[in-house]
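Below: the structure, in structure tokens.
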Amino acid sequence: MSGAYQGKLDAAGNVNPQILSEEAEDSRGEMARMSSFVGAIAVADLVKTTLGPKGMDKILKSADPNEQKITVTNDGATILKSLFVDNPAAKILIDISKTQDDEVGDGTTTVAVFAGELLREAEQLILQKIHPQIIIQGWRLAVAEARKTLLSLAWDNNTDDDAFRKDLENVVGTTLSSKLLVQEKEHFISLAVDSVLRLKGSDDLKLIQVIKKAGGNLKDSFLADGFILEKKISNGSVHSIQNPSIMVANSSMDYDKIKIFGSKVKVDSIEKVAEIEAAEREKMRRKVDKILSYGPNVFINRQLIYDYPESLMVEKGVMVIEHADFDGVERLSAVLGADILSTFDNPDPSKLGSCGTIEEIIIGEDKAISFKNCQEGRASTIVLRGASSHLLDEAERSLHDALCVLIQTIKNKKVIFGGGHSEVAMSNATDALAKTIPGKKSLAVEAFGRALRKLPTIIADNGGFDSSELVSELRAAVNNGSKTAGIDMNKGVLGDMRELGIKECLRVKEQALLSASEAAEMILRVDEIVTCAPRKREGY
Amino acid sequence: MASAQGQFLAFDEFGRPFIVIREQEKRARVKGLEAQRANINAARAVSNLLRTSLGPKGMDKILVSQDGDVTITNDGATIMEKMDVKHQVAKLLVELSQSQDNEIGDGTTGVVILAGALLESALNLLDKGLHPLRVCDGFERACAIAVKHLEATSQELDVFANNNELLKKAAVTCLCSKVVSNRQNELAAIAVEAVLDVADIKRKDVNFEHIKVEGKPGGSLEDTCLIRGIVIDKDMSHPQMAKVVKDAKIAILTCPFEPPKPKTKHKLEISNAEDYRKLYEQEQQYFVKMIEDVKNSGSNIVICQWGFDDEANYLLHANKLPAVRWVGGVEIELIAMATGARIVPRFSELSSEKLGRAACVREIGFGTTDDKMIVIEGCANTSAVTVLVRGGNKMIVDEAKRCLHDALCVVRNLIRDSRIVYGGGCAELMASLEITKVVDMEPSIEQYAMRGFADALEDISNALAENSGLNPIETTTWLKNEMKNDPSKRYGVDCNGVGINDMKELNVYESLQSKVQQLQLATQVVRMILKIDDVFAPSEYS
């Protein structure tokens, strides 16, 4: 036989007809499962060493040889995002970590590592000839039990403001302790907590702006009062105004093209050109007059402002700021309480915004504009300083994680003890559950407990401590009813988490638990991988 | 070479070869039994691939697309569609599952497996020397018997009784084989509610155009919700516009808020300063006029298919007219339909009776990301509903969307025709028993084919048992025996391992329509494949 009826011979010598396209691949059963396990575990192992306060960083270098930029980070989501993987199961893991980042902002490494550990356990169970569906059944029971335990461990200091602030500080401290910012931990804790408390319960991270300026050291980072716009004030304008009335506009302030379609200027003599030009200037002048009739003394435009209108305004003593981009304008209008104007026919001062002072400041070597004492006091700007741009990027990522965790904590109010306490408590609960379940499912429940215990084990390993000893001690302590025991990662012994102030946000932990088990289940349910022939790329 | 060419060459009386088919050496040809065998093998390879996805314990497949995107699913139609199948007969099976999907929406895996099983037993019969057409005829007669028997033994349910309990159970049956099974009850309730909202109970019809399933990654499956209205993935055109409009009077426009662009080519030449000024004033007037037209019509929210000029955008905001721009044509029509609005192509044609009404239009935001959507609720005319699916990531959302589609179809089918048969392989086994009974009275050769059909039907319960980790042959035999001894029993494979085989008690059922469709479609496709006795194909390019 030839042509379309060609096919491969299988082990028994039967002809398998070629059904898929030439280069498509199809792997089934054990092979498919194996490849997804290998892929997922490899990805999990990759980020494993970054877990915990003693986790190591990774250097990420672009695959493009022309691109010299490198990134140094230990943020799980950042590492995974920049990986190019071909393995579908690995892609799932990366996806789940990304979602964790979008949803709660932290715990991205934990998710990937935990899902990897679950799959490692599942691999063992499958070798014992336990069907994946049975493992999944067991896991679902275990997740429900673990979640119940986790919720029972949590408490909140909702009523007591001081205690709650203390909780917040502890939670940020725990998050930051595994990041680069650990050296200036205290400084950044108060920075993050202050800026988040200023949001007054809003969860809009956009109101906290982070500006990075190379130079100085991390300690010089500060929380600015009000809002900072990284733009320059036009030459000739005044550079500071008290209680200004600010107009925020989005209008073309160049020559203001005619929008009527198909119009074209055609002239037959030089004089006419001059006339048109005069008309053009006249038009712009009238527009400026209209704007000035609102009575602003600061004019901020999203688009460019040409010299002529600028000079007209400056003459009248108006501070002019041009080319503030979309985000800048939207933030400004929110912060200052101004409307974004595009036509100027109905003078109405109430459309203008205001703030305490507006002035030009210098951060590092660059100029920026600071709006102080804004009406909407919720906005704030954190200016990060640091020795190099790599450091600043990583600091920004760490700060982002910290802010996300804080916002989650404020929303949810509940916190739990860190240092592996919750994981070990959950695993004890699932172990106890396993003993009450008849049938093979109990093996899967036990495996779930083992995977949970792997998390503190890995953290301890990364710190160079005797993980087996520590985790088993911790397990015994929790089993004997301790509510605060955990691993002290500075000394490598068991410690009291309440005294050490190591707390974590419940919501982050819960989401990590759920997403990781969801991802692991998804990978485990697969028994076949069909890969289409890659699209032919042309032009290479 | 000689053997390969021997098939195609004809010789005249002088022994000279002459050409029957142009460029025959470049074509591959198989004919006769060989062709049938090859086709059947290919079709069986496809059905074997789906076999492990059947039932609540079925496994998922990862499908990597040409561009490297990953899909995880166990929905038969989706697997077949994304599989990049090249073989011509395998493509027939892909179409088979697709037509089941279009017609019924569920049972897409079952139909392919059934076709595979039928082909397998056809192969045995062909080997015995039966003519393919006799096999086809026998299959068709058996199919008719099966359908008649199923119709006779089906059960009419009062689906609306007890707070739609039965509809929900049917949706749960459909969802329990999917990855979303840990949230099956919630999703089933949503599906039932959505269908009932738009169902025309008197005519027993459900217009699926009124149910939209929108997905948005983020949140978790628990956040999936039913919105009694329309959701569009857009935001208000100006960030400061009102986010909520109560008692909305919606103006739907298909003209941009920009100066007009006549379709005929034209040129407007300005030759002096006076004209220039006039033109500028004219331009300003356009915008003012547009907004006035909208305002005068009494509308309080604008939905536009095109973009807005900055100035127009601000004027809309200043006149307290929230607006949504760049809304797609399909959505525009849906909104117009639901709110009773007329789509207006020119500003001058706006009038108050052309506006659509809705109780509330609002903008909702999600999570820490900057995603926004517009929700139109309480539409005047019809009861359009949207199911907004949330989930951990895009893969889950997509899969959940597919699952919900299946569940919606199941509920719709039950409302259309409330006769049901029991699942878990029960209906197939009953049909198989009936055929075996009738076959003994059959004098013609077709009896062999009919027996083959009966055997093939058992394959469904075999596959279910296999996927659930039971001994397939033992289980099927036992089930058959039980039902033979007591025809009132409705026993099926106990997939979840609860120790009960009575499908009535477990509430595992499917609509009769779906099952009948499966049997008929599979039989037709098998007939089509068996009738092929000669295949020409271009051989490999070399």
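Take the conditions facing chain B (nearest Cβ under 10 Å) and free of Cβ contacts under 8 Å to residues at least 40 places away in the same chain and apply them to A:Arg525. Does it pass? Spelling it out, it is not the case that A:Arg525 is facing chain B (nearest Cβ under 10 Å) and free of Cβ contacts under 8 Å to residues at least 40 places away in the same chain. Screening A:Asn243 on (1) modelled with pLDDT under 75; (2) in contact with a strand residue (DSSP E or B) (Cβ under 7 Å, 6 or more places away or on another chain) shows it passes everything except condition (1). Do we have A:Val273 as modelled with pLDDT under 75 and in a helix (DSSP H, G or I) here? Taking the combined requirement at face value, the residue does not satisfy it.
Counting residues in segment A:435-443 that are out of contact with any Pro (no Cβ under 8 Å at 6 or more places or on another chain), buried (at least 24 other Cβ atoms within 10 Å of the Cβ) and hydroxyl-bearing (Ser, Thr, Tyr) gives zero.
What residue, among those in segment A:47-83 that are surrounded by fewer than 21 Cβ atoms within 10 Å (Cβ to Cβ), without any contact (Cβ under 8 Å) to a residue 60 or more places away in the chain and of a type in the set (A, V, I, L, M, F, W, C), is nearest to A:Ile96 (Cα to Cα)? This residue is A:Leu83. Filter segment A:301-337 down to residues that are part of a helix (DSSP H, G or I) and among the hydroxyl-bearing types (Ser, Thr, Tyr) and give me whichever is nearest to the other protein chains (Cβ to nearest Cβ). That would be A:Ser333. Quick one: is B:Glu34 surrounded by fewer than 20 Cβ atoms within 10 Å (Cβ to Cβ), within 22 Å of the chain's Cα centre (by Cα), more than 7 Å from every other protein chain (Cβ to nearest Cβ) and more than 17 Å from B:Ile396 (Cβ to Cβ)? No; evaluated as a whole, the condition is false for this residue.
Among the numbered conditions (1) closer than 29 Å to A:Ile136 by Cα; (2) of a type in the set (S, T, N, Q); (3) in contact (Cβ under 8 Å) with a residue 40 or more places away in the chain, the only one that A:Asn412 does not meet is (1).
Which residues, taken from segment B:53-76, are more than 15 Å from B:Thr108 (Cβ to Cβ) and assigned to a loop (DSSP other than H, G, I, E, B)? Scanning segment B:53-76 gives B:Pro56, B:Lys57, B:Met59, B:Ser65, B:Gln66, B:Asp67, B:Gly68, B:Asp69. Residue-level analysis places B:Tyr491 outside the set of residues that are in contact with a Gly (Cβ under 6 Å, 6 or more places away or on another chain), buried (at least 20 other Cβ atoms within 10 Å of the Cβ) and not hydrophobic (A, V, I, L, M, F, W, C). Every test in (1) of a type outside the set (Phe, Trp, Tyr); (2) crowded, with 20+ Cβ neighbours inside 10 Å; (3) out of contact with any Phe, Trp or Tyr (no Cβ under 6 Å at 6 or more places or on another chain) is passed by B:Ile532 save one, and that test is (2).
Restricting attention to segment B:453-488, the residues being farther than 21 Å from B:Lys437 by Cβ and buried (at least 23 other Cβ atoms within 10 Å of the Cβ) number 4.
Name the residues in segment A:152-179 that are in a helix (DSSP H, G or I), buried (at least 16 other Cβ atoms within 10 Å of the Cβ) and among the hydroxyl-bearing types (Ser, Thr, Tyr), would you? Those that are in a helix (DSSP H, G or I), buried (at least 16 other Cβ atoms within 10 Å of the Cβ) and among the hydroxyl-bearing types (Ser, Thr, Tyr): A:Thr174, A:Thr175, A:Ser177. None of B:Asp235, B:Asp200 is within 14 Å of another protein chain (Cβ to nearest Cβ) and either over 19 Å from B:Gly378 (Cβ atoms) or modelled with pLDDT of 85 or more (or both) except B:Asp235. Take the conditions (1) at the interface with another protein chain (Cβ under 10 Å from one of its Cβ atoms); (2) buried (at least 20 other Cβ atoms within 10 Å of the Cβ); A:Lys509 misses just one of them, which is (1). Among the conditions (1) at the interface with chain A (Cβ under 10 Å from one of its Cβ atoms); (2) among the hydroxyl-bearing types (Ser, Thr, Tyr); (3) under 18 Å from B:Thr339 (Cβ atoms), B:Ser299 misses just one, which is (1).
Condition check ((1) touching a residue at least 24 places away in the same chain (Cβ under 8 Å); (2) under 21 Å from A:Lys372 (Cβ atoms); (3) away from chain B (no Cβ under 14 Å); (4) in contact with a strand residue (DSSP E or B) (Cβ under 9 Å, 6 or more places away or on another chain)) across all residues:
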{"residue": "A:Leu176", "(1), (2), (3), (4)": "yes, no, yes, no"}
{"residue": "A:Leu191", "(1), (2), (3), (4)": "yes, yes, yes, yes"}
{"residue": "A:Asp194", "(1), (2), (3), (4)": "yes, yes, yes, yes"}
{"residue": "A:Lys200", "(1), (2), (3), (4)": "yes, yes, yes, no"}
{"residue": "A:Leu205", "(1), (2), (3), (4)": "yes, no, no, no"}
{"residue": "A:Ile208", "(1), (2), (3), (4)": "yes, yes, no, yes"}
{"residue": "A:Ile233", "(1), (2), (3), (4)": "yes, yes, yes, yes"}
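Of the residues B:Glu292, B:Glu353, B:Glu349, B:Glu377, the single one that is under 19 Å from B:Ile211 (Cα atoms) and assigned by TED's automatic domain parsing to the domain that holds B:Leu253 is B:Glu377.
When B:Ala323 is tested against (1) surrounded by fewer than 20 Cβ atoms within 10 Å (Cβ to Cβ); (2) of a type in the set (Gly, Ala, Ser); (3) closer than 30 Å to B:Gln285 by Cβ, exactly one condition is not met: (1). Would you tally the residues in segment A:71-100 being in a helix (DSSP H, G or I) and of a type outside the set (A, V, I, L, M)? The number of residues fulfilling the criteria is 10.
Only residues that are of a type in the set (S, T, N, Q) and touching a helix residue (DSSP H, G or I) at 6+ places or on another chain (Cβ under 9 Å) were counted across segment A:288-316, and they come to 2.
The values are calculated or read from the model by the stated rules, or taken from the named source; none is laboratory data. All values derive from a computational prediction rather than experimental measurement. All Cβ positions, glycine included, derive from the backbone under ideal geometry; neighbour counts span all protein chains shown.
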